[in-house]
C-alpha cells in the first residue's frame, strides 16, 4: 500500500503538533516581552514591560499561573497575613546576584506561618513586581552591572517539598553601571592584602588565640585565656573573623568590616576602599 506524499507529510505534522509543549517568547507593539510555557497541568505567562533596560529604569513584571488540568491543585502561598501565590525574582546570569525589588510605601508585617491555597481547574492566579536596576551585595545594593538577567517565577505545589519549586525563566538585559567600579571580590582581596589587616588577622588566629598546656586546651576569648575541649580548640584556631564579616557599598565606596571575639583587642577592623580608584581610604580598629 502506498501513501500519497501529501498525506504522509500531513501525518508527520499532526504527530509533531500533538507532542509540542507551549514555550514561546513574543514582543508586542509596545515592546512588552511576553513569555509563555506549559509545565505539567500549569500554564505560565510572564510579561515584562520591555526586554532591554538602562540604569534608573523600573522593571515591571506581571505574571500568572493557570491550572489547565482537571484536578484542583494545592500550593504554598506565603503566610496567612501576606499571601503570595508565587515568587518573582530577577537574577544576574553572570554574578548570581538578585535585583532589588521596589517595596511598598506601607509594608505589611508578615507572620512566619506557612499558608496554602487551592487552584481550581481553569482558575488563574497572578502577581506583579516592580524592580530597580540595583544588585544586592551582602546587606546593601550597587548599580546593576551590564549583562543578561533571568526573570524567574517560582510556584510551589504542595505535593512537592518546599525546595522543589516549579520554575519558569525568561531573559532580559540591562545596560548597567555607567562608571568603572571594582567588584566586591576585588575589594576584599585589596583589604586582606593590606599590612594592617594581615597583622590584625594574625593576632586573631593560630597560636595567638589557641594553645595547649599540660595536655589541656585553651582559647583566648575577649583578651583572656579560657579552658576548652579539643574540638573547640581545633575549630577556633583558624579564627572566626571570616564568619563575622560585613561588606557594604555606599556613596561610591566599599566598606568592609571584620569582627573577632577571639584574641586581644582591637576586636574589630574596618576598611574603606574607593570603588573607582581602588584606593584604600582608611583602616580603622576598634576594641569591640
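The values are calculated or read from the model by the stated rules, or taken from the named source; none is laboratory data. These numbers come from a predicted model, not from an experiment. Please note: Cβ atoms are built from the backbone with ideal geometry, for glycine as well, and neighbour counts cover all protein chains shown.
For this structure, a couple of remarks:
- Among the numbered conditions (1) over 30 Å from residue 279 (Cα atoms); (2) surrounded by 16 or more Cβ atoms within 10 Å (Cβ to Cβ), the only one that residue 145 does not meet is (1).
- Of the candidates 87, 49, 67, the single residue that is closer than 24 Å to residue 175 by Cβ and modelled with pLDDT of 90 or more is 49.
- Residue selected from segment 224-238 under the condition more than 36 Å from the chain's Cα centre (by Cα) and surrounded by 12 or more Cβ atoms within 10 Å (Cβ to Cβ), by the criterion nearest to residue 259 (Cα to Cα): 225
- Given (1) within 30 Å of residue 83 (Cβ to Cβ); (2) modelled with pLDDT under 90; (3) surrounded by 15 or more Cβ atoms within 10 Å (Cβ to Cβ), number of the condition residue 109 does not satisfy: (3)
- Here residue 233 meets the list (1) out of contact with any helix residue (DSSP H, G or I) (no Cβ under 8 Å at 6 or more places or on another chain); (2) in contact (Cβ under 8 Å) with a residue 12 or more places away in the chain; (3) within 27 Å of residue 140 (Cβ to Cβ) almost entirely, failing just condition (3).
- Some residue of segment 267-280 being under 13 Å from residue 188 (Cβ atoms), surrounded by fewer than 21 Cβ atoms within 10 Å (Cβ to Cβ) and touching a helix residue (DSSP H, G or I) at 6+ places or on another chain (Cβ under 7 Å): yes
- In segment 148-168, the residues that are surrounded by fewer than 15 Cβ atoms within 10 Å (Cβ to Cβ) and more than 30 Å from residue 255 (Cβ to Cβ): 154, 159, 160, 161, 162, 163, 164
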